[in-house]
1. For segment 40-73, which residues satisfy the criterion of being buried (at least 17 other Cβ atoms within 10 Å of the Cβ) and either in contact with a Leu (Cβ under 8 Å, 6 or more places away or on another chain) or of a type in the set (K, R) (or both)?
2. Would you check which residues across segment 17-42 are over 10 Å from L58 (Cβ atoms) and touching a residue at least 40 places away in the same chain (Cβ under 8 Å) and list them?
3. Please enumerate the residues belonging to segment 1-30 that are open to solvent by 70 Å² or more (accessible area, probe 1.4 Å) and assigned to a loop (DSSP other than H, G, I, E, B).
4. Which condition does R72 not pass, out of (1) outside any helix (DSSP H, G or I); (2) without any contact (Cβ under 8 Å) to a residue 60 or more places away in the chain; (3) not hydroxyl-bearing (S, T, Y), if it passes all the others?
5. Restricting attention to segment 31-39, does a residue exist that is surrounded by 14 or more Cβ atoms within 10 Å (Cβ to Cβ) and under 11 Å from the mean Cα position of the chain (by Cα)?
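The values are calculated or read from the model by the stated rules, or taken from the named source; none is laboratory data. Here the structure is a predicted model, which means the values were calculated and not measured. Positions of Cβ are generated from backbone atoms using ideal geometry, with glycine treated the same way; all protein chains shown enter the neighbour counts. Just the protein is used for accessible areas: all its heavy atoms, side chains included, with ligands, DNA and RNA removed. Shrake-Rupley method; radii C 1.70, N 1.55, O 1.52, S 1.80 Å.
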Amino acid sequence: MPFTNKPFGTEEKIKMFERMGATAAVIALVLIMLIESGYAGDYKNLADMGLTAMIVVLAVALTGSLYFKTRRK
């Protein structure tokens, strides 16, 4: 069940993908800092997987944002 009955418009979808990409970029930056500084320690493999996931999220956010920007009237 959706949390709202209002359908999302194109502008709201663009904002959603842009925010998702910005959040993923910040998390990816933090993960890079943890890996490069050595704070990840024994969890380096887990941090690498998280970084890979954030790269995928960035790609999805870029693709979604561009898709809806081309559908804008």
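1. A40, A47, G50, L51, M54
2. F17, E18
3. Correct list: M1, P2, F3, N5, K6, P7, F8.
4. All conditions are met except number (2).
5. no
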